[in-house]
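Beneath this line is the structure, given in structure tokens, with notes to follow.
What follows is calculated from the coordinates using simple rules that are stated; it is not laboratory data. Everything numeric in this text was worked out from a predicted model, so none of it was measured. So basically every Cβ, Gly included, is an ideal-geometry build from the backbone, and we count neighbours across all protein chains shown.
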Amino acid sequence: MHRRHLLTSVLIALMISSCVAQQSVSTSIDAQQDKYTDIAHQIWNFAELGYREEQSSGLLQETLAEAGFGIETGVADIPTAFVASYGEGGPVIGLLAEFDALPGISQDAVPTRQQVTEGGNGHACGHHLFGTASVAAAIAAKDWLSQSKLPGTIRLYGTPAEEGGAGKVYMVRAGLFDDVDAMLHWHPSDQNNASAGSSLANKSAKFRFHGIASHAAVAPQNGRSALDGVEAMNYMVNLMREHVSSDARIHYVITSGGEAPNVVPEFAEVFYYVRHPDMDVARETFDRVVAAAEGAAQGTGTTMDYEIIHGVYNLMPNEALSRVVYENLKETGGFSYTEEEQAFAEKIQTTLPERMIKPLSSTSKVGAFRVIEKGGGGSTDVGDVSWVVPTAGLVTATWVPGTTAHTWQAVAAGGMSIGHKGMLLAAKVLAESAIDLIQDPETIHQAKSELSRRTGEDFEYKALLGDREPPLDYRKKS
């Protein structure tokens, strides 16, 4: 009986400590609300593309340094990547922070299509909110750790170029996560949830065809069209779609197709993504795309080379860790719109397909917990992190319900108070979860055991992109 009473007392003490920590985190972040929304809006305005996020990365580093974090810059040979640390010893709790924008989706913070800069960049995936919330969470958790006098380390990873640049992969490959006990992350969305989810593995490359220029009317027989090589490759890949796994996804864009119709194109380039829930199948499908490119070059009398741009693993779900995040999300809860936000959201919804529209009241709710073993429609370089460190995350309703990522509607909501509300919710949940894990070595042990079971004892991490250097110019137009 004595032992049972002792265990009960310990559990009650932990629950009280957790509640006090939640109140402290919530109060701390709310007190800094204006500061964090200003930081997010600055990054929203910067709208810097992958590996070029000098101002965005610099602003987050400055904020963390002012809060007492030590900063290591330019890690993994990436100028805009950084690691910010506070504390000593274990457990080491990591938080991921992204901050890159997307090309060609410029949009003002208004509920109608209105570009800020024609053809400019925009935060259509909300990474300005992602990075800022993670920094806010790290600072709140650091303040609690400082007051508690407990051992432990809070570590914020500034991770560039998630959008097709695979910044985290190079950081994993460099061993920057080797001593981390648990990793937390989040992402903007149109709902609130913290299920243990997965994603699609993805391998991409730019295929470059080289031909012989000639006058297209006077001497076409002397030319060999690089564009013919691209088109022949695309045709063969499109035929191949019938004979790949139904879960596979193959997308491409022609990034260079020649300069003038009357000149046989000497150079042409096509950029491919190959995805699948299983990284091994993604790799095998990619190899078949390469074979199609080689055949296209042979058939058109051109030559071909390709550059792997990125490759990411599928996200590894971790139920033990995700339940901690989910409980904190449920406890913190969602939020409601003001009248002004309601009017903004209603106008946004008039621009969405009717089948996509969800009740605006859904932002006040938290979705049911699930374990999703096979990936959904997207890919993320968080996947590689999740294969080497137990990883869990959440999504919050930073966008009007029914909005999807990579749209002008996502940029618009992310630039005003709707996005900011979701960001602050995420910051609180991340900080609360980090604090819980520092006090709960048993959950960390369970999470590590689960990761080992899922990957297999013989698993050895090898990046899908091989030993290539970070493609710091991958956003440069050919």
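For this structure, a couple of remarks:
- Largest to smallest principal axis extent of the C-alpha atoms in the stretch 159-256, angstrom: 66, 32, 26
- Square roots of 5 times each gyration tensor eigenvalue, C-alpha, the stretch 128-213, largest first, Å: 35, 17, 13
- With 20 Å as the limit on Cα-Cα distance, the pairs of LYS168/LYS421; LYS428/LYS448; LYS142/LYS448; LYS206/LYS477; LYS203/LYS374 that go past it are LYS168/LYS421; LYS428/LYS448; LYS142/LYS448.
- Calculated on the alpha-carbon coordinates, the convex hull of the chain measures out at 157 cubic angstrom per residue.
- Taking chymotrypsin sites (Phe, Trp or Tyr not before Pro) across the stretch 176-227, none is in a DSSP loop with at most 13 further Cβ atoms lying within 10 angstrom of its Cβ.
- Membrane-span-like helices in the chain (whole DSSP H runs, Cα extent of at least 30 Å along the helix axis, mean Kyte-Doolittle hydropathy of at least 0.5): 2-31, 417-438.
- Fraction of alpha-carbon pairs over 13 Å apart in the stretch 374-443 - percent: 74
- Listed peptides 188-197, 241-250 appear in the order 188-197, 241-250 once ranked by packing, highest mean of other Cβ atoms within 10 Å at the front.
- Loop GluC sites (Glu not before Pro), the stretch 83-128, which have at most 13 other Cβ atoms in a 10 Å radius of their Cβ (DSSP): GLU118
- Alpha-carbon centroids, the stretch 300-375 and the stretch 116-154: separation in whole Å: 18
- 222 nm mean residue ellipticity, helices alone, for the chain (DSSP H n ≥ 4; -39,500 (n - 2.57); rounded to 500): -13500 deg cm²/dmol
- Its residue count N sets the reference 2.2 N^0.38 Å, and the alpha-carbon radius of gyration of the stretch 201-312 equals 1.12 times that reference.
- Protection-proxy order for peptides 426-435, 389-398, 326-335, each taking the mean of Cβ atoms within 10 Å per residue, highest first: 426-435, 389-398, 326-335
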